1. Any chance the range 86-106 includes a residue that's modelled with pLDDT under 95 and of a type in the set (Gly, Ala, Ser)?
2. I'm trying to understand the selection: among the residues of the range 181-215, which are aliphatic (A, V, I, L, M), in contact with a helix residue (DSSP H, G or I) (Cβ under 7 Å, 6 or more places away or on another chain) and more than 18 Å from Asp18 (Cα to Cα)?
3. Name the residue that is farthest from Gly196 (Cα to Cα), counting only residues in the range 156-169 that are in contact with a Ser or Thr (Cβ under 7 Å, 6 or more places away or on another chain) and not in a helix (DSSP H, G or I).
4. Output the number of residues of the range 122-155 satisfying the condition of being assigned to a helix (DSSP H, G or I), touching a helix residue (DSSP H, G or I) at 6+ places or on another chain (Cβ under 7 Å), free of Cβ contacts under 8 Å to residues at least 40 places away in the same chain and surrounded by 18 or more Cβ atoms within 10 Å (Cβ to Cβ).
5. In the range 1-20, which residue that is touching a Cys at 6+ places or on another chain (Cβ under 9 Å) and more than 18 Å from Met144 (Cβ to Cβ) is surrounded by the fewest Cβ atoms within 10 Å (Cβ to Cβ)?
6. What are the pairs, 6+ residues apart or on separate chains, where a residue within the range 173-188 that is open to solvent by 30 Å² or more (accessible area, probe 1.4 Å) has its Cβ under 6 Å from a residue that is in a strand (DSSP E or B)?
7. Read through the list (1) under 24 Å from Gly182 (Cα atoms); (2) touching a residue at least 40 places away in the same chain (Cβ under 8 Å), then give the number of the only condition that Val84 fails.
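The values are calculated or read from the model by the stated rules, or taken from the named source; none is laboratory data. These numbers were taken from a predicted model, which means no experiment stands behind them. All Cβ positions, even for glycine, are placed from backbone atoms using ideal geometry, and neighbour counts span all protein chains on display. Keep in mind that these areas ignore ligands, DNA and RNA; they rest on the heavy atoms of the full protein, side chains included. Shrake-Rupley method; radii C 1.70, N 1.55, O 1.52, S 1.80 Å.
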Amino acid sequence: MNQKFTTILWDVDDTLLDFGYSQRYALGKCFGSIGREITEEETALYARINNDYWKRLELGQISKKELLPGRFLTLFSALGIGGVNLEAFCQEYQDALGSVFSFLDDSLTICRKLQGCVKQYVISNGVAVTQYRKLKLSGLDKVMDGIFISEQVGYHKPDERFFVHCLKHIMEKDKGRILVVGDSLSSDIKGGIGAGLPTCWYNKDGIANNSSYKPDYEISCLSKIVDIVAGEGGA
């Protein structure tokens, strides 16, 4: 098949797997361990705090070591919660986060359909032990040709050096035939563009792109990737 792309670099959270599903479960479990229920409003507050910390990581303003406990310190301060063993809470959260998963758009079936047609790799900024566990539980590890996680690479998306590392370890050397697919404009799309790679923004919620990062493709359903790989999807 004379296809357009031979290789896909997949983001994981909120692209292949529903991060919000795992996050809600993990928060509920951890708050239960400290004898407290977490409300929907508090979960939403945590999500905003967490997103802010990850944006700051992408900008190089903080390290992963600062991010992991810092987001909960900020949450506990906002909610007036004290006396929590932060190290134990963070560990339980990461364990719980990696113990459940939910596919987005039947992503496993899509990745299986692409097997043999393209090489597929994971590119993630997530915590390595958590990501490996979710990938194994979900079966996605079986369809991937490689896994690149920022804390092991030494750089995180959108840093060009993260993508340089990935490109050194994949078979395809023609950048024009390697497609970055992800939900984050500031991480996946910005990083892909900076590395000179075609990008596809998975915009399942149909939000407006008010950023300066313009992907080559925009999709609301992952199944469209099959057509894009074959050269049938419009930019």
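1. No: zero hits.
2. Ala195, Leu197
3. The extreme case among them is His156.
4. Adding up the residues that qualify gives 2.
5. If we take residues in the range 1-20 being touching a Cys at 6+ places or on another chain (Cβ under 9 Å) and more than 18 Å from Met144 (Cβ to Cβ), then Met1 is surrounded by the fewest Cβ atoms within 10 Å (Cβ to Cβ).
6. Within 6 Å, the pairs are Asp183/Tyr202.
7. Here Val84 clears every test but (1).
Rundown of residues vs (1) at pLDDT 95 or above; (2) of a type outside the set (D, E, K, R), yes/no style:
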{"residue": "Asn2", "(1), (2)": "no, yes"}
{"residue": "Val12", "(1), (2)": "yes, yes"}
{"residue": "Gly28", "(1), (2)": "yes, yes"}
{"residue": "Glu41", "(1), (2)": "yes, no"}
{"residue": "Tyr53", "(1), (2)": "yes, yes"}
{"residue": "Gly60", "(1), (2)": "no, yes"}
{"residue": "Glu66", "(1), (2)": "yes, no"}
